[in-house]
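Data block below; observations after.
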Amino acid sequence: MRIDVFTIFPEYFSVLDISLVGKAREKGLIDVHTHDLRDFAHDRHRTVDDTPYGGGAGMVMKAQPWAEALSSVLPEGADEMPHAKRPLLLVPSPAGQVFKQATAQEWSSRQHLIFACGRYEGIDERVLEWAAERADVVPFSLGDYVLNGGEVASLAIIEAVGRLIPGMVGNPASLVEESHSDGLLEYPVYTKPSTWEGLEVPAVLLSGDHGKVDRQRRDWQLERTSQRRPDLIEALEVSGLDKKDKAT
Ligand code: SAM
């Protein structure tokens, strides 16, 4: 997967040299390029923002540097490319669709992700219209709160999507039994010692009975999800439940 990131703070992305993403870059599984948006401004002050039409507080990022920046990585004839090869332009915005695990799964099969990190009051809306002829454009939100810029949101997506690329995570089974993979939160986990500060690991986990452990973990998932995220329980498909779940 190729990833291009456009930002006025390229140094934010130095963390991509470490941990799993760093290793994936070394192995050639992810090819990340970070670009300074100001390199595409032509005045002495490398200006990328201006005052908003219609008035109001704050500044808006200008269309011209964005169009030049994105043109530097957008291939010709993207609209004729097969879906997986078509670049996906991801625009962080608190006014975008909320990013979910299912979205991470979907985006992990794409070959080219481009992140346009906004600052100030955001990017001139015409850039998104212009880019839609050259890429699939998706404004996405990390959650219902406002950050100062799109950098942290883009880093979160790169990690969530990147770890789903085959070869990224040592044991792929660990990706299956995770919070949100089946619509539920993950069960609580424990490691040695079995007694710590007077607190015991639940006996069933030491029983060696895999059937009982599986059932208990499923019950913990349902219990934890209904306590912490009742919205997820309501959204569960009945077909995804087993008979014992229905009794729980
Ligand atoms: N005026 C914008 C609004 O109310 O929708 C907020 C602009 S915010 C201060 C500046 C930038 O931070 C946005 O352009 C976006 O790139 C990023 N940002 C802020 N909150 C975000 C969120 N929840 N998810 C993704 N990106 C966010």
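Number of residues in segment 39-73 that are closer than 24 Å to residue 16 by Cβ and either within 16 Å of the ligand (Cβ to nearest atom) or modelled with pLDDT under 95 (or both) equals 6.
Just name the residue that is surrounded by the fewest Cβ atoms within 10 Å (Cβ to Cβ) out of those in segment 92-116 that are more than 24 Å from residue 179 (Cα to Cα) and more than 6 Å from the ligand (Cβ to nearest atom).
Within segment 92-116, the first condition is being more than 24 Å from residue 179 (Cα to Cα), and the residues that meet it are 93, 95, 111-116.
Those still in the list that are more than 6 Å from the ligand (Cβ to nearest atom) too: 111-116.
On the way: 111: 13, 112: 21, 113: 25, 114: 24, 115: 25, 116: 26.
Per the stated criteria, the residue is 111.
Looking at the structure I just gave you, is residue 204 β-branched (Val, Ile, Thr), within 16 Å of the ligand (Cβ to nearest atom) and either surrounded by 11 or more Cβ atoms within 10 Å (Cβ to Cβ) or not assigned by TED's automatic domain parsing to the domain that holds residue 29 (or both)? No; evaluated as a whole, the condition is false for this residue. Residues that are more than 13 Å from residue 218 (Cα to Cα) and of a type outside the set (A, V, I, L, M, F, W, C) within segment 164-180 comprise 166, 167, 170, 171, 172, 174, 180, listed in sequence order.
Quick test for you: out of 87, 94, pick the one residue that is over 19 Å from residue 125 (Cβ atoms), under 19 Å from the mean Cα position of the chain (by Cα) and modelled with pLDDT of 95 or more. Of the residues listed, the single one that is over 19 Å from residue 125 (Cβ atoms), under 19 Å from the mean Cα position of the chain (by Cα) and modelled with pLDDT of 95 or more is 87.
Conditions (1) more than 11 Å from the ligand (Cβ to nearest atom); (2) buried (at least 17 other Cβ atoms within 10 Å of the Cβ); (3) on the phi > 0 side of the Ramachandran plot, marked per residue:
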{"position": "139", "(1), (2), (3)": "no, yes, no"}
{"position": "146", "(1), (2), (3)": "no, no, no"}
{"position": "152", "(1), (2), (3)": "no, no, no"}
{"position": "156", "(1), (2), (3)": "no, no, no"}
{"position": "162", "(1), (2), (3)": "yes, yes, no"}
{"position": "168", "(1), (2), (3)": "yes, yes, no"}
{"position": "194", "(1), (2), (3)": "yes, no, no"}
{"position": "199", "(1), (2), (3)": "yes, no, no"}
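The values are calculated or read from the model by the stated rules, or taken from the named source; none is laboratory data. Keep in mind the model is a prediction, meaning the values are calculated, not measured. Methodologically, a virtual Cβ is constructed for each residue, glycine included, from the backbone with ideal geometry; neighbour enumeration extends over all protein chains shown.
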